[in-house]
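Taking it in order: structure first as structure tokens, then the write-up.
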Amino acid sequence: MDAQTPRPTGPLAGVRVIDASTVLAGPYCTMLLGDLGADVIKIEPPEGDSTRGWGPPWVGPAGPDGARTAAYYLAVNRNKRGLRLDLKAPEGAEVLRRLLGDADVLVENLRVGAFARLGFDDATLAALNPHLVHLAITGYGTSGPAADRPGYDFIIQATSGLMSITGASDAAGGEPTKVGVAISDVVTGMLGAVGVLAALVGRASDRSSVAGRGQRVDVSILGATLATLVNQAQNAFVGSAPPGRLGNAHPNIVPYETFQTADGEIAVAVASERQWRRLCAAIGLPELAEDPRFATNGDRVARRGELRPILAGRFLERRSSEWTAVLEAGEIPVGPINDVVAAFASPEAQALGMTVEQEHPAWGVIQQVGIPFRLSETPASIRTPPPALGEDTDAILAEVGYGPEEVAGLRARGIV
């Protein structure tokens, strides 16, 4: 790490991560590790991570070759150093071997068997560095009928059942709908980070060797998405039919949904019987709290078709701001339906520090999403913006023993 790069101070300071993943799940995982202080080296193929081209919108001006960098790439690649490397070439594979020999974590999301075909099967990795934690992200796992398929978030949202419970109901003219972000990839990245952290803890507690043994961690996008179904999966296991789409309504809690007002729409969440009674009083319908049809949450779920029109009619009588004030005064959870810009501009998001600015020498000042967790003694931090393609190649190669002439030769042959 060069002298100008801010030295990490988080709980993973001193941990080196080799990020050989692309697109979203793997890079999101390694960004989280980088936020926590790890030294993350992002290895990109000669043409770069494909998300660099997933625009518009673009950041900064076009380069000398006319290429531009998409906002998408910025979302998951801060706190990393960039190395452009052709892993299919023997000389490129040798660079990776040197990097892995002194690394703590490897993250890759190549299709099953592809990393082994590059010369990095499990046995080779264990011989190269017995302390290495290897996270392998796949679409459908390493065995089974779909093991050889690539994993695409959209396809897995469809096949996992997630889309079947997302969107307006058939009666409301809806259809199965994907989540507005690539949630399957995001959750996979999070669970990948959990797996890596668990393996590092396990390695630290291993007394069989000085540094402890590493291990392989497998996370599939399908498995991660199925795990996110949580209560809906349990509803399916226990119920007599698969759960369907309810729009913004909750399958197990009523009222817990959005309501139209005189000038917009608000989200209202009543999650307890005390809140139910307070809601009835706040909206001027105290008799509902005494109505035996709606006495318990179970009753309200069973009779949502009777209850909702009553509530919906009342909410249409006043503006969103008025209802928000009334419900907040009555200690009823309520909120506006913000767009993304309004959400980050809200006082609540500002208080959390969820918007940060960084300056990149090529792209200028860029805004990014802040860090959502706080550690009191070893704080996470945003130290460097996402790297340009191969931005840190020379410094990284020097750290593993390549001299300037060797680096120049690798560059001339298109290896780096």
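The values are calculated or read from the model by the stated rules, or taken from the named source; none is laboratory data. These numbers come from a predicted model, not from an experiment. Virtual Cβ from ideal backbone geometry, glycine too; neighbours counted across all protein chains shown. The area values use the complete protein model at the heavy-atom level, side chains included, leaving out ligands, DNA and RNA. Shrake-Rupley method; radii C 1.70, N 1.55, O 1.52, S 1.80 Å.
Listing for the model above:
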quantity	calculated
Tensor-based shape of segment 144-190 (alpha-carbon gyration tensor, a/c under 1.5 rounded, otherwise prolate or oblate)	oblate
Choice from Val59, Val238, Val219 showing the highest fluctuation, given a GNM over the chain with Cα pairs closer than 10 Å	Val238
Highest-first arrangement of 191-204, 29-42, 126-139, where packing means the average Cβ count within 10 Å	29-42, 126-139, 191-204
Trypsin sites (Lys or Arg not before Pro) restricted to segment 321-412 and DSSP loop, no more than 12 other C-beta within 10 Å	Arg374
Straight-distance crosslink candidates among aspartates and glutamates, where the alpha carbon sits under 12 Å from Lys80 and sequence neighbours closer than 8 are dropped	Asp19, Asp35, Asp39, Glu44, Glu391, Asp392
Set of lysines near Lys88 by C-alpha distance (under 21 Å), chain-local residues within fewer than 8 positions excluded	Lys42
Among Gln275, Gln368, Gln232, residue whose mean-square fluctuation peaks in a GNM of the chain (springs only between Cα atoms under 10 Å)	Gln275
Within the accessible area of segment 42-134 (1.4 Å probe), percent carbon and sulfur	57 percent
Spin-label model distance (nm) - Thr355 vs Arg274, 7 Å beyond Cα toward Cβ	3.6 nm
For segment 256-332, alpha-carbon Rg relative to the globular expectation (2.2 N^0.38 Å, N residues)	1.01
Cut-off 13 Å between beta-carbons: net charge of the residues surrounding Ile137, Lys and Arg +1, Asp and Glu -1	-3
MRE, 222 nm, helices only [DSSP H, n ≥ 4, -39500 (n - 2.57), over the chain, to nearest 500]	-10000 deg cm²/dmol
Rule-of-thumb Rg ratio for segment 289-383 [Cα; 2.2 N^0.38 Å; N residues]	1.71
Kyte-Doolittle mean at least -0.5, axial Cα span of 24 Å or more - DSSP H helices of the chain	183-205
Two-decimal log10 I(q)/I(0) for segment 1-119, as the Debye equation yields it once each C-alpha is a single scatterer, q = 0.23 Å⁻¹	-1.38
Amide proton proximity set for Arg318, modelled H, under 5 Å, gap of 5+	Ala262
Value in Å of the Kirkwood radius, where the chain supplies the Cα pairs that are averaged	24.4 Å
Accessible surface of segment 268-396 [probe 1.4 Å, protein heavy atoms]: carbon and sulfur percent	56 percent
Average accessible area per residue (Å²) across segment 263-358 - probe 1.4 Å, nucleic acids and ligands excluded	56 Å²
Cβ-placed point charges (K, R +1; D, E -1), dipole of the chain about Cα centre in debye, nearest 20	600 debye
Calculated FRET value between Glu317 and Ala408, using beta carbons and R₀ = 56 Å, to 0.05	0.15
Note, ³J(HN,Hα) from phi for segment 105-119, Karplus 6.51, -1.76, 1.60, rounded to Hz, x at Gly and Pro	9, 10, 10, 9, 9, 6, 4, 3, x, 5, 5, 5, 5, 7, x
Accessible solvent surface per residue of segment 1-100, calculated while the other protein chains remain in place, 1.4 angstrom probe, Å²	38 Å²
Segment Glu348-Arg293, extension gain: residue separation times 0.36 nm, minus the distance between their alpha carbons	16.0 nm
Neighbour-limited loop hits for trypsin sites (Lys or Arg not before Pro), segment 88-174 (at most 13 other Cβ within 10 Å; DSSP other than H, G, I, E, B)	Lys88
Fluctuation leader among Val268, Val112, Val17 - the chain, Gaussian network, Cα springs under 10 angstrom	Val268
4 °C / 1.567 mPa s Stokes-Einstein diffusion coefficient of segment 212-251, Kirkwood radius on C-alpha pairs, µm²/s	102 µm²/s
